[in-house]
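Working notes for the structure below.
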2 protein chains.
Amino acid sequence: MAKAPVLTPRAEDFPRWYQELIAKAELAENGPVRGTMVIRPYGYGLWERMQSEMDARIKATGAENAYFPLLIPQSYLTREAEHVEGFAPELAVVTHAGGKELEEPVVVRPTSETIVNASFATWVRSYRDLPLLINQWANVVRWELRPRVFLRTTEFLWQEGHTAHATREEARDYAARIHREVYADFMTEVLAIDVVLGRKTPRERFAGAVNTLTLEGMMGDGKALQLGTSHELGTNFARAFQIRYLSAEGRQEPVWQTSWGTSTRMLGGLIMSHGDDDGLRVPPRLASVQAVVTAIKGEESVTAAREIAGRLTAAGLRVRIDDRVDVPFGRRAVDWELKGVPVRIEVGPRDLRAGTATLVRRVPGGKEPVPLAALAGLLPGVLEEDQARLLRESRERRESRTAEVRTAAEAAEAALSGGWARIPWAVLGEEGEAALAGQGVSVRCLVAEDGSVPTADDAPGSVAIVARAY
Amino acid sequence: MAKAPVLTPRAEDFPRWYQELIAKAELAENGPVRGTMVIRPYGYGLWERMQSEMDARIKATGAENAYFPLLIPQSYLTREAEHVEGFAPELAVVTHAGGKELEEPVVVRPTSETIVNASFATWVRSYRDLPLLINQWANVVRWELRPRVFLRTTEFLWQEGHTAHATREEARDYAARIHREVYADFMTEVLAIDVVLGRKTPRERFAGAVNTLTLEGMMGDGKALQLGTSHELGTNFARAFQIRYLSAEGRQEPVWQTSWGTSTRMLGGLIMSHGDDDGLRVPPRLASVQAVVTAIKGEESVTAAREIAGRLTAAGLRVRIDDRVDVPFGRRAVDWELKGVPVRIEVGPRDLRAGTATLVRRVPGGKEPVPLAALAGLLPGVLEEDQARLLRESRERRESRTAEVRTAAEAAEAALSGGWARIPWAVLGEEGEAALAGQGVSVRCLVAEDGSVPTADDAPGSVAIVARAY
């Protein structure tokens, strides 16, 4: 008898599958204010792991964490002209507080460039104060017309980096370092998503930036998801907020800046990259629960499950025990499949008599008996193998569903049929890009022919990656 | 020649000393919107250490982290009558968003009971779903009329726990467990503040609680600071939000709840407990930088400082290098004193010739030469000794400045002259409490004669701790 599907199959309705997975795996749910979300403990556990892995990489580049206010005077937003134009339509505005109407309305931060730079202007005096490398973990609010959990939410959690440097070159190198050593490294090595590193076209750039670097992943339906961006801001904000330093040569100079961010949107990318028709599949290096030890039935198996879990925890694994022997075993198995825990260790009376447990692997699938004594030694290798397999699947999907094309029409066709197109930027150009936009297709980024990131908007030989995007 | 004081002495003007210390130690500064604050990297590093120590203790009680929305429909706040009365005057209200006036205004969370419990109502079905133990790390906004950095800010960072239980006893025991195993343990063992654990009088209770447990510390000026609270909410919110469970006996029952919180206010408590006229003194177990290795001058001492720092880091200490040999040594020493780093290791050419470094201890004061080879072995003991000394000083201050009194007038006098008073609650009573309030003096908490926490408002033999408070 075939199992009734737990989720709507991806091939039938990908957006519905996504929503069902998020609900049934208890990752998140909608909040009462339109577009907001409640991140449930299992989803938040994944975010905590993302934070911890990212935070270590961010600190390794020399940046320190700080915290800037949520509430920003409305007038600050208007100081950088492009910036306010980009964000004005999405602002949430506090007009009343403490029982009174405010003299000047304040906005809930949509991003923190303005308020951070107001502080930088007082912190930076001389070249000795540079580089100034700051990161913040925070919530931001951007009013969304078409919200979707994790992907576009009115409030989301993120990290935003803000730095000031003495020269254009130092700022450029630092933005590139974050792009590669922090973001690409984390996404490839931990999230197991085969991201493409590229440069945004002027049309797609961050409001106020002179250059935006991006990381784009291909989701299970062939659409693209922007997973992070790192911006060179030039001296735009330095001029708007008067951030100047006294150089070693005794001149007052504006600082050169960067900003960069990644958010809970990565949870959406995780689901759409690795999820299958049975639920999520969490890469082992990311997993907040790498192994769940399930007692099938009876006191004896509960005791054995605790013993095994203790040994695996001592071996450095992140382990949970499932001792709910009064809940049907099949239902529990379905739950852990939905949540995508990399391995399950099932122990029942029959296993115990044989001195084994049953190892169930979420990524390749399949069950096999393993001697109890061998488990702790075996699992690290199993987890690394499954981590590598997820990254390989991600790369193979991107490669097999990316078409090399020569015309804008072919690019649109590839994108609209659920894949990516690569087309010479010299062929497409800004006019072609604008035409694609009318069909809901965009240039996700520009890459050099050798796969590196172009260092200028008009770098010869650049290739545009064209896709539909979330 | 006497040094010019870096800070206004505490004895001269305690509030001014506090503000100057926060600015000069680069802990925080005011944000542009009245009452908000920027937490600078050194201050935020201390908060990160608080988070990490607290988070581990919270998780050890079985709670999991989650995240609930910042924005709450205004109507939610009104569902629990006492709750809305307590918070209405402090609310910040978003009336416009996405370029339009909202149909229903939304408030920026002042605390999350209402929005958390709206979710709990859908998560809890049967006794199997209980206890439900949730914690959240988040920012909250309460409009402050008399803001002061860290102590009363319009926005602050905190953790707030929210739980649901099957019985009154389980809720009571869990609130008490958080009070003792998480908060008291952290504050005593890490913050080195000798907190008093007590029960709030009905007058001082959290809006919507049936019992509030508190931890009160005596600051350097003899005033009290409430450092954390843990509430029993009874079934107040369960009834307002219809959180019911099916009991094992098949009956629909309301859940019994708790909530509990600590915030960046603890940074204010840290400063006012341990700061002296030279700056902050950070307890070693809390310190984000436990040891700073200072190169006095010349390449050779920079190289040596790096080597020493490497060895100390390898030994598990949190270490920073100060290799700014172009900045006058005296100025750097003053900076580290201000920041309160527990130990400084100074290395200059003279030390190196002698095969030693100079160990400077912030807590007891004093300098001594230490053989380089002995440093890593010596420091853990030194740090634990200084940790213990700070706690001892905190306890001695509280004991020496607390008076046993028999009348409300004596209690007021003790409080107004910069100390605490202990007075039988049966003598003071609610009328006496109201009279003290007119003089800016409050009952911080009730304790039992043996120092334990009274289990009822009218428990016989309760003693009121009376003080002025922040």
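Of (1) outside the structural domain of B:TYR18 (by TED's automatic domain parsing); (2) closer than 30 Å to B:PHE14 by Cβ; (3) in contact with a Phe, Trp or Tyr (Cβ under 9 Å, 6 or more places away or on another chain), B:LEU267 satisfies all except one. Which?
The number of the failed condition is (1).
Test of understanding: among B:THR455, B:THR407, which residue is hydroxyl-bearing (Ser, Thr, Tyr) and more than 26 Å from B:ALA176 (Cα to Cα)? Working first, answer last.
Working: B:THR455 fails: more than 26 Å from B:ALA176 (Cα to Cα).
Checking each option against the conditions leaves just B:THR407.
Given the criteria assigned by TED's automatic domain parsing to the domain that holds B:THR229, more than 15 Å from B:ARG57 (Cβ to Cβ) and either in contact with a helix residue (DSSP H, G or I) (Cβ under 7 Å, 6 or more places away or on another chain) or open to solvent by 10 Å² or more (accessible area, probe 1.4 Å) (or both), does B:GLU181 qualify? Steps first, please.
Values: assigned by TED's automatic domain parsing to the domain that holds B:THR229: yes; more than 15 Å from B:ARG57 (Cβ to Cβ): no; either in contact with a helix residue (DSSP H, G or I) (Cβ under 7 Å, 6 or more places away or on another chain) or open to solvent by 10 Å² or more (accessible area, probe 1.4 Å) (or both): yes.
No.
I'm trying to understand the selection: among the residues of the range B:132-147, which are over 15 Å from the mean Cα position of the chain (by Cα) and open to solvent by 10 Å² or more (accessible area, probe 1.4 Å)?
B:LEU132, B:LEU133, B:ARG142, B:TRP143, B:GLU144, B:LEU145, B:ARG146, B:PRO147
Residues of the range A:182-200 being charged (D, E, K, R) and touching a Ser or Thr at 6+ places or on another chain (Cβ under 8 Å), which ones? Break it down into steps so the answer makes sense when it comes.
Within the range A:182-200, the first condition is being charged (D, E, K, R), and the residues that meet it are A:185, A:189, A:194, A:199-200.
Selection gives A:ASP194, A:ARG199, A:LYS200.
Which of the numbered conditions does A:ARG422 fail, given that it passes all the others? Conditions: (1) touching a helix residue (DSSP H, G or I) at 6+ places or on another chain (Cβ under 8 Å); (2) closer than 30 Å to A:PRO460 by Cβ.
Going through the list (1) touching a helix residue (DSSP H, G or I) at 6+ places or on another chain (Cβ under 8 Å); (2) closer than 30 Å to A:PRO460 by Cβ, A:ARG422 breaks only (1).
Tally time: how many residues in the range B:449-470 are farther than 21 Å from B:SER273 by Cα and in contact with a Lys or Arg (Cβ under 9 Å, 6 or more places away or on another chain)? Walk me through it before giving the result.
Narrowing the range B:449-470 to residues farther than 21 Å from B:SER273 by Cα: B:449-464.
Still in the list and also in contact with a Lys or Arg (Cβ under 9 Å, 6 or more places away or on another chain): B:453-457, B:459, B:462-464.
Of the residues in the range B:449-470, 9 are farther than 21 Å from B:SER273 by Cα and in contact with a Lys or Arg (Cβ under 9 Å, 6 or more places away or on another chain).
Go through the range A:76-98 residue by residue and tally those that are facing another protein chain (nearest Cβ under 10 Å) and in contact with a Leu (Cβ under 8 Å, 6 or more places away or on another chain).
The total comes to 8.
Which pairs turn up if I take residues in the range A:41-54 that are touching a residue at least 12 places away in the same chain (Cβ under 8 Å) and assigned by TED's automatic domain parsing to the domain that holds A:TYR183 and look for partners that are open to solvent by less than 40 Å² (accessible area, probe 1.4 Å) and among the charged types (D, E, K, R) with beta carbon separation below 7 Å, at least 6 apart in sequence or on another chain?
Taking only residues 6 or more apart or on different chains, the pairs are A:TYR42/A:LYS339.
Please work out which residue is surrounded by the fewest Cβ atoms within 10 Å (Cβ to Cβ), limiting yourself to the range A:438-450 and to residues that are free of Cβ contacts under 8 Å to residues at least 24 places away in the same chain and not charged (D, E, K, R).
We begin by selecting, within the range A:438-450, every residue free of Cβ contacts under 8 Å to residues at least 24 places away in the same chain; these are A:438, A:448-450.
After this cut, where a residue has to be not charged (D, E, K, R) as well, the list is A:438, A:448.
Numbers: A:GLY438: 8, A:ALA448: 16.
This residue is A:GLY438.
Taking the range A:30-71, which residues are within 7 Å of chain B (Cβ to nearest Cβ) and of a type in the set (Val, Ile, Thr)?
A:VAL33, A:THR36, A:VAL38, A:ILE39
Looking at (1) open to solvent by 40 Å² or more (accessible area, probe 1.4 Å); (2) more than 23 Å from A:GLY340 (Cβ to Cβ); (3) away from every other protein chain (no Cβ under 13 Å); (4) charged (D, E, K, R), which one does A:ARG10 not meet, given that it meets all the others?
(2)
Every residue in the range B:386-426 that is touching a Lys or Arg at 6+ places or on another chain (Cβ under 9 Å) and acidic (Asp, Glu), please. Before the answer, list the steps.
Quick first cut of the range B:386-426, residues touching a Lys or Arg at 6+ places or on another chain (Cβ under 9 Å) only: B:386-387, B:390, B:402-405, B:411, B:414-416, B:418-420, B:423-424.
Residues satisfying the conditions are B:ASP386, B:GLU404.
Just the residues that are on the phi > 0 side of the Ramachandran plot and touching a residue at least 40 places away in the same chain (Cβ under 8 Å), please, taken from the range A:410-437.
Going residue by residue through the range A:410-437, those that are on the phi > 0 side of the Ramachandran plot are A:418, A:429.
Within the range A:410-437, just A:GLY418 meets the criteria.
When the residues of the range A:361-376 are narrowed to those that are without any contact (Cβ under 8 Å) to a residue 40 or more places away in the chain and part of a helix (DSSP H, G or I), which ends up nearest to A:LEU191 (Cα to Cα)? Reasoning before the result, please.
Of the residues in the range A:361-376, the ones without any contact (Cβ under 8 Å) to a residue 40 or more places away in the chain are A:361, A:364-371, A:373-374.
Imposing the further condition that a residue be part of a helix (DSSP H, G or I) reduces the set to A:373-374.
Working: A:ALA373: 31, A:ALA374: 28 Å.
The qualifying residue nearest to A:LEU191 (Cα to Cα) is A:ALA374.
Conditions (1) within 18 Å of B:ILE134 (Cα to Cα); (2) of a type outside the set (D, E, K, R), marked per residue:
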residue	(1), (2)
B:HIS179	yes, yes
B:VAL182	yes, yes
B:MET187	no, yes
B:ASP194	no, no
B:THR212	no, yes
B:ALA224	no, yes
B:LEU246	no, yes
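The values are calculated or read from the model by the stated rules, or taken from the named source; none is laboratory data. No experiment lies behind these values; they were computed from the predicted model shown. Here Cβ is always computed from backbone atoms with ideal geometry, including for glycine, and neighbour counts include all displayed protein chains. Only protein heavy atoms, including side chains, enter the accessible area calculation; ligands, DNA and RNA are left aside. Shrake-Rupley method; radii C 1.70, N 1.55, O 1.52, S 1.80 Å.
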